[in-house]
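All remarks here apply to the structure that follows.
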Amino acid sequence: MKKVVLLSIAILLFLFVESEGANSKDEEKPVDFVNPYIGNISHLLVPTYPTIHLPNSMLRVYPERGDYTSVELHALPLVVTSHRGNSAFRLSPFQGSEKQLRPVMSYSYDQEKLTPYSYSVYLDEQQIQVDYGLSHQSAAYEIEFEKHDPSYLILSSGNGALSWDGKALSGYQWIANDTKVYVYLVTQEQPARVSTLEHGNLTESKSMEGRNACLVLKYPKGTKKLNVHYGISFIDAEQAKANMLREVAGKSVAKLQTAGREIWNKELGKIKIEGGCADERTVFYTSLYRCYERPVCISEDGRYYSASDKQVHTDEGRPFYTDDWIWDSYRAHHPLRVLIDSKKEEDILNSFVLMSEQMEHNWWPTFPEITGDSRRMNSNHGVASVIDGYRKKVRNFDLEKAYEACKGAITEKTLAPWSGKPAGELDAFYKEYGYIPALHPGEKETIPEVSSGEKRQPVAVTLGTSYDEWCLAQIAEELNKDDDAAFFKKASYNYRNLFNEKTSFFHPKDKTGKFIEPFDYKFSGGMGARDYYGENNGWTYRWDVQHNIPDLIELMGGEEQFVNKLDRTFSESLGRSKFGFYAQLPDQTGNVGQFTMANEPSLHIPYLYNYAGQPWKTQKLIRKLIKEWFRNDLMGVPGDEDGGGMSAFVVFSAMGFYPVTPGIPEYSIGSPMFKHVSLRLEDGKTFEIKAENASDENKYIQSATLNGEKLSTPWISHEAIENGGRLIFEMGPKANQNWGVE
């Protein structure tokens with residue numbers, strides 16, 4: 001009997017332990033679902049990078065290699081100064097003959113493990129183990145040597161200077177636009193010798209300046225482990241030292257990793273999800289992690305260096321942010337931050353106000369980077385983030401100053417893409433006639449502000465500027481500038497000037513007002529269709545009227561015709577072989593018919609069915625697009641992700657709604673993927689989305705309630721979310737074609 005009792009107890013204990021183990025797996029933290037390798041192999045253009053960083057922090061690194069499939073690493077990175085950039089400094093551990101030393105060593109590697117807050121890799125031929133942990137502006141490497149050869153550390157700067165003062169190595173590297181990044185690096189173990197390396201030759205010297213400046217630190221024989229701590233700065237080397245002392249001095253890599261993990265879980269935990277499979281949760285939290293890659297805070301102990309005026313400023317107690325490609329991030333990336341990080345969004349908008357004032361012209365930035373505003377792409381969509389934030393009660397910035405800078409960027413700066421020049425002939429034409437004139441095939445460009453490589457992009461610019469002017473009108477209304485509001489509201493209809501009633505496409509016109517003929521909406525316009533559109537063809541820009549969808553429906557002949565044309569977008573053939581199509585339109589990958597999931601001007605298109613009485617088609621498409629194009633694998637992103645620009649679409653769509661028109665404080669409803677989503681808002685309130693019976697099969701909304709009251713429209717207001725509450729969907733396997741059409 002005793003044996004039976006003991007056996008029963010043992011079985012119960014085993015089952016309890018197994019149950020607890022299962023529960024612990026179910027309770028994995030959000031950061032455990034992040035896979036930075038998703039999308040590291042591109043379908044065609046730029047892949048994602050497995051970035052190691054803390055949320056919106058200045059210090060970012062990723063393994064340096066040609067691409068994910070490369071079999072070699074190129075040194076160890078210290079800091080990446082721009083999204084998709086290369087490391088400004090490179091650190092190379094080495095054991096072997098001095099004749100083999102190079103400024104940047106290449107390594108065969110294995111056993112790479114990477115999270116948002118940690119990195120480890122084994123350099124197999126060198127037999128060196130590397131572990132890494134980081135903070136916001138500083139980091140640490142632990143390097144273990146297995147061989148008995150002499151040990152070296154090589155630090156190189158691509159274009160700058162390095163020096164050794166007997167205790168630490170410091171220096172700088174020029175990056176662009178008279179901007180420098182500085183480093184201050186110490187090792188707990190003192191080197192036996194310090195040399196410069198030039199053209200393969202070592203010279204006993206403690207400083208070097210110029211291209212490929214390189215210092216080599218040789219360590220005593222028998223050195224098996226090096227602990228490396230460093231700080232970076234955009235102000236000076238002393239500030240880099242201060243950053244290192246404040247953040248990582250005396251801390252082990254393991255301690256930094258533990259702290260980084262906690263920081264990431266706090267940020268990612270602002271959105272909690274239940275349900276879905278492990279891959280779906282991984283795609284969700286990886287997408288959310290991407291949304292914290294940019295912009296970055298460059299305040300250092302209350303100061304920051306601004307490339308806008310090449311001066312060091314005090315930040316007056318508010319963090320200063322830069323590195324944000326607003327051309328696409330205004331669509332979903334900024335609106336997502338408004339929801340879950342509104343005070344940070346206020347600081348970002350305030351930074352753009354300051355940036356505008358610091359520049360030669362008081363023009364709102366379009367592509368603010370560490371090295372200044374690069375004025376890339378077309379239109380000036382930063383104005384959308386201003387009105388969207390303000391309408392959603394993001395108020396801690398100077399709206400009047402923001403308006404003047406936005407107005408200047410649209411009326412005083414040229415509208416020509418990829419240009420920061422003042423307005424010229426092209427802009428005078430737009431102001432008089434309400435559209436950008438197109439050139440005929442073979443017609444020579446004569447306007448100096450137009451980029452030879454990017455062309456006029458007249459349809460894209462006309463449509464984009466119409467939206468920008470609508471945003472200006474909304475801000476002017478908030479500021480009681482009635483004349484400006486009326487002027488820009490009228491200009492917001494300029495898209496009509498390019499609408500071809502015979503084809504229902506937006507069609508380029510020449511300066512005499514005649515449509516360019518003959519014309520192919522798929523392929524006319526040269527490389528990237530840039531002669532007339534921008535990266536995408538006429539099928540994408542057919543829907544680029546975010547600010548006045550009812551008018552677009554009317555232009556196309558009413559809801560039925562509108563839906564028919566939408567349907568055709570998703571079913572129309574490429575028109576050429578994939579090789580031929582992508583040879584001309586490489587940015588337009590992720591195709592479903594002529595729709596491209598890979599480029600931001602398309603993100604709102606699947607939601608347009610909501611505006612024409614058929615929201616069930618939006619529900620069907622959103623599930624299809626997310627499942628097919630965003631996956632937990634190396635090719636799980638369909639195109640250029642842009643550091644949150646596209647990932648925010650995934651985050652919103654998986655929760656069940658999307659901001660189709662930034663500037664209008666409401667969201668268009670799609671198909672929630674998870675059974676339960678909890679949004680923790682800035683003021684501590686919580687908004688919940690419950691999707692009863694949600695699954696791959698049950699993707700259609702049967703009914704919905706908002707705070708206990710019936711919801712019969714396919715959108716919800718921002719106010720409903722910010723006040724906290726509960727949105728409940730009843731999901732099913734077949735479309736309820738009557739829901740959302742009242």
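Miscellaneous remarks
- Residues in the stretch 327-345 that are crowded, with 21+ Cβ neighbours inside 10 Å and within 28 Å of Glu688 (Cα to Cα): 13 in all.
- If you go through the stretch 549-605 and keep only what is among the hydroxyl-bearing types (Ser, Thr, Tyr) and without any contact (Cβ under 8 Å) to a residue 12 or more places away in the chain, you end up with just Ser577.
- The lone criterion from (1) surrounded by 23 or more Cβ atoms within 10 Å (Cβ to Cβ); (2) more than 28 Å from Lys224 (Cα to Cα) left unmet by Pro93 is number (2).
- Tabulated pairs, the stretch 209-228, first modelled with pLDDT of 95 or more, second surrounded by fewer than 14 Cβ atoms within 10 Å (Cβ to Cβ) and assigned to a strand (DSSP E or B), C-beta under 6 angstrom, 6+ apart or interchain: Lys218/Arg193
- Filter result for Val104 (part of a loop (DSSP other than H, G, I, E, B) and either touching a strand residue (DSSP E or B) at 6+ places or on another chain (Cβ under 9 Å) or touching a residue at least 12 places away in the same chain (Cβ under 8 Å) (or both)): yes
- Strands (runs of 3 or more DSSP E) contained entirely in the stretch 137-237, each with at least 2 residues that are among the acidic types (Asp, Glu): 138-145
- Pairs with Cβ under 8 Å, 6+ apart, first in the stretch 263-283 and over 14 Å from Ser678 (Cα atoms), second hydroxyl-bearing (Ser, Thr, Tyr): Ile263/Tyr117; Trp264/Tyr117; Trp264/Tyr289
- Test: residue in the stretch 643-665 that is over 25 Å from Gln614 (Cα atoms), assigned to a helix (DSSP H, G or I) and touching a helix residue (DSSP H, G or I) at 6+ places or on another chain (Cβ under 9 Å): yes
- Residues within the stretch 297-335 that are within 30 Å of Leu463 (Cα to Cα) and hydroxyl-bearing (Ser, Thr, Tyr), tallied: 5
- The stretch 662-689, residues that are within 22 Å of Pro30 (Cβ to Cβ) and surrounded by fewer than 20 Cβ atoms within 10 Å (Cβ to Cβ): Lys675, His676, Ser678, Leu679, Arg680, Leu681, Glu682, Asp683, Gly684, Lys685, Thr686, Glu688
To keep it simple, each residue is scored yes or no on (1) buried (at least 17 other Cβ atoms within 10 Å of the Cβ); (2) under 28 Å from Tyr305 (Cβ atoms).
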| residue | (1), (2) |
| --- | --- |
| Gln127 | no, no |
| Asp131 | yes, no |
| Phe145 | yes, no |
| Ser156 | yes, yes |
| Ser163 | yes, yes |
| Gln173 | yes, yes |
| Tyr182 | yes, yes |
| Gln188 | no, no |
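- You will find that of Ser678, Ser717, Ser668, the residue that is polar (S, T, N, Q), touching a strand residue (DSSP E or B) at 6+ places or on another chain (Cβ under 7 Å), in contact (Cβ under 8 Å) with a residue 60 or more places away in the chain and within 28 Å of Asp468 (Cβ to Cβ) is Ser668 and no other.
- Taking the stretch 413-428 as the range and being hydrophobic (A, V, I, L, M, F, W, C) and surrounded by fewer than 16 Cβ atoms within 10 Å (Cβ to Cβ) as the test, only Ala428 passes.
- Boolean, Arg375 is part of a loop (DSSP other than H, G, I, E, B) and surrounded by fewer than 24 Cβ atoms within 10 Å (Cβ to Cβ): yes
- For the stretch 35-82, filtered to residues that are in contact with an Asp or Glu (Cβ under 9 Å, 6 or more places away or on another chain) and charged (D, E, K, R), the residue that is surrounded by the fewest Cβ atoms within 10 Å (Cβ to Cβ) is Arg65.
- Qualifying residue in the stretch 440-457 (condition: touching a helix residue (DSSP H, G or I) at 6+ places or on another chain (Cβ under 8 Å), assigned to a helix (DSSP H, G or I) and at negative phi): no
- Any hit, the stretch 209-230, residues being surrounded by 15 or more Cβ atoms within 10 Å (Cβ to Cβ), assigned by TED's automatic domain parsing to the domain that holds Pro150, within 16 Å of Glu300 (Cα to Cα) and of a type outside the set (Gly, Ala, Ser): yes
- In the stretch 115-136, the qualifying residues are those that are assigned to a strand (DSSP E or B) and either over 16 Å from His74 (Cα atoms) or touching a residue at least 60 places away in the same chain (Cβ under 8 Å) (or both), and the one that is nearest to the chain's Cα centre (by Cα) is Thr115.
- Residue check for Leu552: closer than 15 Å to Phe499 by Cα, surrounded by 14 or more Cβ atoms within 10 Å (Cβ to Cβ) and more than 23 Å from the chain's Cα centre (by Cα): yes
- Boolean, Tyr304 is in contact with a His (Cβ under 8 Å, 6 or more places away or on another chain), buried (at least 23 other Cβ atoms within 10 Å of the Cβ) and at pLDDT 95 or above: yes
- Hits in the stretch 674-707 (condition: more than 15 Å from Ile728 (Cβ to Cβ), part of a loop (DSSP other than H, G, I, E, B) and not polar (S, T, N, Q)): Leu681, Glu682, Asp683, Gly684, Lys685, Asp696, Glu697, Lys699
- Top-ranked residue in the stretch 156-191 [being among the aliphatic types (A, V, I, L, M) and under 30 Å from the mean Cα position of the chain (by Cα); ranked as farthest from Met208 (Cα to Cα)]: Ala176
Quick grid of which residues meet (1) within 24 Å of the chain's Cα centre (by Cα); (2) at pLDDT 95 or above; (3) of a type in the set (A, V, I, L, M):
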| position | (1), (2), (3) |
| --- | --- |
| Trp264 | yes, yes, no |
| Ile273 | yes, yes, yes |
| Cys291 | yes, yes, no |
| Val296 | yes, yes, yes |
| His313 | no, yes, no |
| Asp324 | yes, yes, no |
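- Some residue of the stretch 493-511 being aromatic (Phe, Trp, Tyr) and either more than 26 Å from Ile605 (Cα to Cα) or part of a helix (DSSP H, G or I) (or both): yes
The values are calculated or read from the model by the stated rules, or taken from the named source; none is laboratory data. Since this is a predicted model, take the numbers as computed values, not measurements. Cβ atoms come from the backbone with ideal geometry, glycine included; neighbour counts cover every protein chain shown.
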